[in-house]
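Note sheet for the following structure.
What follows draws every value from the coordinates through simple rules; no lab data is involved. This structure is a prediction, so every number in the text was calculated from the model and none was measured. Methodologically, a virtual Cβ is constructed for each residue, glycine included, from the backbone with ideal geometry; neighbour enumeration extends over all protein chains shown.
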Amino acid sequence: MEQSNPHNLRSLPPDPAALRFGIRVTMPPNDPLRRVLGNDWHKEHWFATAAERDEALREMASRHAFSRIGDTPSIRLEAIGR
């Protein structure tokens, strides 16, 4: 997706070909949000190095600081690569 105002970016976005390490976010089969987003919903985040990806994976898997006690996100995180 292109930026609507690229002149406002602090830096240029990285070349997509250079981003080889990723994280795929999916939902478990019994997640009720599947009725809204669809059974094939997923999101991918891409990084230039495995270290960046692994750090992001640790952060995404940790408990959200503003979650209520007892709330647990029902997502699955998977390290992927191209």
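A few comments on the model shown:
- Ranking Leu77, Gly22, Ala50 by how far each Cα lies toward the positive end of the dipole of the chain (charges on Cβ) leaves Leu77 at the top.
- Debye, to nearest 20: dipole size of the stretch 4-82, +1 on Lys, Arg Cβ, -1 on Asp, Glu Cβ: 140 debye
- Cα-Cα P(r), the chain, percent of pairs per 10 Å interval: 15, 34, 35, 15, 1
- Efficiency of FRET from Cβ geometry, His7 and Arg63, R₀ 30 Å, rounded to 0.05: 0.20
- Computed E for Asp54/Leu33 - FRET, C-beta separation, R0 30 angstrom, nearest 0.05: 0.65
- Residues in the stretch 62-75 carry Karplus couplings, in order, of 6, 5, 5, 5, 9, 6, 6, 4, x, 6, 9, x, 9, 10 Hz; the curve used is 6.51 cos²θ - 1.76 cosθ + 1.60 with θ = phi - 60°, and Gly or Pro positions show x.
- Between the Cα long axis of helix 50-61 and the first principal axis of the chain there is an angle of about 30°, rounded to the nearest 10.
- Among 20-27, 49-56, 72-79, 36-43, the peptide with the highest mean count of other Cβ atoms within 10 Å heads the list, and the full ranking is 20-27, 49-56, 72-79, 36-43.
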